[in-house]
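S.K.: Would you mind keeping the following structure in view while I ask a few things?
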Amino acid sequence: MNIQLNSASSTPLYIQLKLSIREKILTGELPEQFKLPSERQLAQRLQIHRNTVVKAYEALISEGLVASSQKPRGYFVLNPFNEQGTKNNEPTFFSSADKNFNYRFTNEQNSFEVLYRSSHTNEGISFGGVLINREVIPVKYLKELMQEIIDGENLEPFWFCDSQGTEALRQNIAEMLFSRNIYVKPRNIQVIGETYEAIHNIALMYLNPGDHVVIEEPALPAIVNIFLHVGAKPLFVPIKQDGIQIDVLEKLVRQYKPKLIYTMPNYQNPSTCTMDIDKRKRLLKCARSYNIPIIEDDSLHEFNYKDARIPSLFFMDNSNSVIYLDTAGLSFYPGARLGYLVAPDNVIKTYQRIVNKNQLFLNSTSQYLWAKFFEKGFYEKHAVFLKEYYQKKRDLMCRCLQEVPEITFTTPEGGLCVWGELERELNDTQFAALCEKMGLQIMPGSFFFSQGNVGKNYLRLSFSSASDEEIVEGVSLLKKAIAAFKFRNGPSA
């Protein structure tokens, strides 16, 4: 919208602006329902005061040429004449692309996303999002691998690759999985962009609208949203320290006959609980009896702080019931946008057919780097480093939290966060807002429950991206926030 104003003219700027827009509307240059620039945008573009734009828009509204709308928000051009050729002073209803979404987010997902995104943009201390610390990105190794690409004449990093992933990477993943007692061939591995994407595609494979899906609770809001938006009905099963409450799951399976089970048996996010061996056996038996596929999300595998490991569901399964997921976003570098799933032949073939509708190729450069990362032995070295680095972070946070008597917790055996329970019930979102004002970001527990009030005295405290100094200071701020919140709200009833 080209507008010229003359600051030397005796005509006030707002009138010049009004007349210019008016002319464009009457000549049809600005059609009906055209959205005008916001007050701030137009003021910045014309280098005038925002109030000047406001006065011009108000004058156009009074003439029936423009309408102000709250849904969708903004200023919109009206048809200056109705069908009878007379002036139209009635605002019309607007249809806008940003208001006709079929996709809806749960309140928990909306709130979670806001806090998660601000975890890596705010200047304060973040215990909110589970994001790797910049210190653990293997820059030295990546520089060596990238220099190899630059100096070499191999076009593979820049060329098309099979939608299942490069043969070299799948071979390297198969060899790495051998150390996890998962014995598969490259053809049983599908490279993916990220785990959420894979979970969505698997949901499309198995679920029809109205089908039930089993999810552990507390649960990540994004996971719940994925299943809701394929029309599935979640069956939430509570978690205890030794994993999913298997008695509850078995009853729900008998009653509702779900078509899919999603579980994170190792260091479940956010509870950090690990499913014991007996429950894993019963889960597999139940799934086998009712012919239910299981998604096993093992994306925190590298962050194990015990020498012993419980076998994966995939390893224990003898009926091809389990689809195994893992990601490179935390153990390699997040910008790689790579992960993989392991599944029987027919599952891989069906998955590929779904993927091929939306993407023909995966990121060749990231796959090349990840394959070389394995081949040169960097993966083993980096995995040892990650374990040692984050075990120290975990230990530091737990030592600090022991000085906060109002919070009880169990030291996690793995993962990147602590799941804390406050001694008294409180509005956790209000408490989180108070913490944020004090310079500390935390994740309220209610975000992880379908009925948010159930978890309102829980907190997820991530130590994944904070420095040692920030962990110490952050827990100190947490303690001060609890005291301030108690003082403000008085003793519990």
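S.K.: Considering each residue of segment 283-298, count those that are open to solvent by 20 Å² or more (accessible area, probe 1.4 Å) and in contact (Cβ under 8 Å) with a residue 40 or more places away in the chain, and give that number.
M.R.: Within segment 283-298, residues that are open to solvent by 20 Å² or more (accessible area, probe 1.4 Å) and in contact (Cβ under 8 Å) with a residue 40 or more places away in the chain number 1.
S.K.: Working carefully through the options F101, F76, find the one that is more than 30 Å from F227 (Cβ to Cβ) and either touching a strand residue (DSSP E or B) at 6+ places or on another chain (Cβ under 6 Å) or modelled with pLDDT under 90 (or both).
M.R.: F76
S.K.: Six or more apart or on different chains, Cβ atoms under 8 Å: show the pairs whose first residue is in segment 383-408 and free of Cβ contacts under 8 Å to residues at least 12 places away in the same chain and of a type outside the set (V, I, T) and whose second is outside any helix (DSSP H, G or I) and open to solvent by 30 Å² or more (accessible area, probe 1.4 Å).
M.R.: none
S.K.: Taking segment 145-174 on its own, how many of its residues are under 19 Å from F314 (Cα atoms), aliphatic (A, V, I, L, M) and surrounded by fewer than 18 Cβ atoms within 10 Å (Cβ to Cβ)?
M.R.: The first filter runs over segment 145-174 and keeps only residues under 19 Å from F314 (Cα atoms), leaving 170-174.
Cutting the leftovers down to aliphatic (A, V, I, L, M) gives us 173-174.
Next cut, surrounded by fewer than 18 Cβ atoms within 10 Å (Cβ to Cβ) only: none.
Residues flagged as under 19 Å from F314 (Cα atoms), aliphatic (A, V, I, L, M) and surrounded by fewer than 18 Cβ atoms within 10 Å (Cβ to Cβ) within segment 145-174 amount to 0.
S.K.: Does any residue in segment 323-352 that is within 28 Å of N291 (Cβ to Cβ) come within less than 9 Å, Cβ to Cβ, of a residue that is of a type in the set (K, R) and open to solvent by less than 30 Å² (accessible area, probe 1.4 Å) six or more places away or on a different chain, and which pairs are these?
M.R.: Y340/R170
S.K.: Within segment 146-200, how many residues turn out to be closer than 30 Å to I310 by Cα and not in a helix (DSSP H, G or I)?
M.R.: Count: 15.
S.K.: Sort out which residues of segment 213-252 are surrounded by fewer than 21 Cβ atoms within 10 Å (Cβ to Cβ) and within 16 Å of N291 (Cβ to Cβ), and write them in order of number.
M.R.: E250, L252
S.K.: Let me ask another. Name the single residue, out of those in segment 353-368 being among the hydroxyl-bearing types (S, T, Y) and in contact (Cβ under 8 Å) with a residue 40 or more places away in the chain, that is farthest from E388 (Cα to Cα).
M.R.: Looking at the filtered set, the residue picked out is S364.
S.K.: Still on this structure, I have one more. Taking segment 33-62 on its own, how many of its residues are open to solvent by 90 Å² or more (accessible area, probe 1.4 Å) and acidic (D, E)?
M.R.: 1
S.K.: If you go through segment 284-311 one residue at a time, how many are of a type outside the set (A, V, I, L, M) and over 22 Å from R394 (Cβ atoms)?
M.R.: Here is the first cut: in segment 284-311, the ones of a type outside the set (A, V, I, L, M) are 285-286, 288-291, 293, 296-299, 301-307, 309, 311.
The next check asks that each one be over 22 Å from R394 (Cβ atoms); those that pass are 285-286, 288-291, 293, 296, 311.
The qualifying residues number 9.
S.K.: Quick one: is L177 out of contact with any Ser or Thr (no Cβ under 6 Å at 6 or more places or on another chain) and open to solvent by 10 Å² or more (accessible area, probe 1.4 Å)?
M.R.: No.
S.K.: Open to solvent by less than 70 Å² (accessible area, probe 1.4 Å) and of a type in the set (D, E, K, R): which single residue out of R280, R309 fits that description?
M.R.: R280
S.K.: Looking at segment 465-476, is at least one residue closer than 16 Å to N269 by Cβ and at pLDDT 90 or above?
M.R.: The answer is yes; a qualifying residue exists.
S.K.: Give segment 362-407 a look and list any residue that's open to solvent by less than 40 Å² (accessible area, probe 1.4 Å) and of a type in the set (V, I, T), or say none. Don't jump to the end; show me each part of the working.
M.R.: Residues of segment 362-407 open to solvent by less than 40 Å² (accessible area, probe 1.4 Å): 362, 364, 366-371, 373-374, 377-379, 382-383, 386, 389-390, 393-394, 396-398, 400-401, 404, 406-407.
V404, I407, listed by residue number.
S.K.: Would you please name the residue that is nearest to M264 (Cα to Cα), looking only at residues in segment 307-322 that are touching a residue at least 24 places away in the same chain (Cβ under 8 Å) and of a type in the set (G, A, S)?
M.R.: S312
S.K.: Next up: In this structure, is R117 open to solvent by 70 Å² or more (accessible area, probe 1.4 Å), closer than 30 Å to S331 by Cβ, among the basic types (K, R) and modelled with pLDDT of 60 or more?
M.R.: Here the answer is yes, as R117 does meet what is asked.
The values are calculated or read from the model by the stated rules, or taken from the named source; none is laboratory data. These numbers were taken from a predicted model, which means no experiment stands behind them. All Cβ positions, glycine included, derive from the backbone under ideal geometry; neighbour counts span all protein chains shown. Note: accessible area is taken over every heavy atom of the protein model, side chains too, but ligands, DNA and RNA are not part of it. Shrake-Rupley method; radii C 1.70, N 1.55, O 1.52, S 1.80 Å.
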